[in-house]
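Below is one structure, written out as structure tokens, with a few remarks after it.
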Amino acid sequence: MSIVMTTRPPEAPSNKVASFKPTLLQTEEHHLCPGCGEPVAIRLVLEVIEELGLAQKNVSIIGHGCYGSFIMTMDVDSTLCLHGRAPAVATGLKRMRPEVAVWTLQGDGDMTSEGLAEILHATARGENITCILLNNGVFGDTGGQMTASSVIGQRTKNTLEGRDAAYHGYPIVIGDMVAAMPGSAFVARGSVHNAASIAATRRLIRKGFQRQMEKKGLSLVEILTMCPTGWFVPASGGADYMMESLGKTYPLGEIKDIAATEQA
């Protein structure tokens, strides 16, 4: 068995045997911080859209966050919206164009802090949209402040001693809330902290889009993403820190799948 040392640069460069960039991603360059998990999550979404044959039949509704810059590099029809209002905008678009796969891209600050009412009301109506939540527990775009999803003890820019339940309250576990509502069709939580989780998250995203096209109701796929800058940790330690903090409050896996219920 050969062992590849990862503590120093490789002695010989690796051979690139295939192109791994999704065709819907116009460039692999981005301005986000080293160690950020959002580019990986967005890449997975684009891969699934292409795989399902929806490249020319999808529209993304982008919330406010670091990920907003990807509107310039994704080769899909997109629109920005007011903070937290992506599910409402997606509702209007889907009702006008029901044949199109409509998906939202939001951070936890955008969805749970600014737009909690929007995602809950869209779920209550059973809108046939797919919502992608990038959860890192901070308002990364504005410097790393606490969000409604920050976990107990998590250090943020305005909770330097860690989130305190007695003072700040408890985190909102939006996935469980949405799953409990009859209008949701598929709710799951993945992550991008290692290769196995990336592969599993890709499968969850695929199911989220499939349930929309089957007209089952709203799908929510939450993806835990690293934000070392907002967490005050080295880029190399982001994945471990995420699973030691957010990972304990937000367990990975499928939370609800209406298709499984119908088959039972």
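The numbers here are math on the coordinates, done by the rules we state, and not lab data. These numbers were taken from a predicted model, which means no experiment stands behind them. A quick note on method: Cβ atoms are made from the backbone with ideal geometry, for glycine too, and the neighbour counts reach across all protein chains shown.
General remarks:
- For ASP77, neighbours were defined as the other residues whose beta-carbon sits under 15 Å from its Cβ, and their charges (Lys and Arg +1, Asp and Glu -1) total 0.
- Within straight-line reach of LYS216, meaning a Cα separation under 28 Å, sit the following lysines at least 8 residues removed in sequence or on another chain: LYS57, LYS94, LYS207, LYS256.
- Proxy reagent accessibility, fewest Cβ within 10 Å first, across VAL173, VAL187: VAL173, VAL187
- Reachable aspartates and glutamates from LYS248, criterion Cα separation under 18 angstrom, eight or more residues apart if same chain: ASP108, ASP164, ASP176, GLU222, ASP240
- Relative contact order (%) - criterion: Cα under 8 Å, at least six apart; region: the chain: 19
- Selected from ASN136, ASN194, ASN128 as most flexible by GNM, with the chain as the system and alpha-carbon contacts under 10 Å: ASN194
- Listed by chain and number, the aspartates and glutamates whose C-alpha is less than 16 Å from the C-alpha of LYS215, apart from same-chain residues fewer than 8 away, are GLU99, GLU127, ASP257, GLU262.
- The residues neighbouring ASP110, those whose beta-carbon lies less than 12 Å from its own, together hold a net charge of -3 under the Lys/Arg +1, Asp/Glu -1 convention.
- Relative packing of 28-40, 156-168, 207-219, which averages over residues the other C-beta atoms within 10 Å, highest first: 207-219, 28-40, 156-168
- For SER191, the residues whose modelled amide H falls within less than 5 Å of its own, excluding neighbours fewer than 5 places apart on the same chain, are THR201, LEU224.
- Amide H contacts of LEU134 (H built 1.01 Å from N, under 5 Å, at least 5 apart or other chain): GLN106, GLY107, ASP108, ILE223
- Order of MET146, MET243, MET5 under a 10 Å beta carbon neighbour criterion, fewest first: MET5, MET243, MET146
- Counted over all Cα-Cα pairs of region 38-263, pairs farther apart than 34 Å make up 8 percent.
- Label point 7 Å beyond Cα of PHE20 along Cβ direction - residues of region 196-231 with amide nitrogen under 14 Å: 196-199
- Residues ASP176 and THR27, FRET efficiency given R0 of 30 Å [Cβ-Cβ distance, rounded to 0.05]: 0.25
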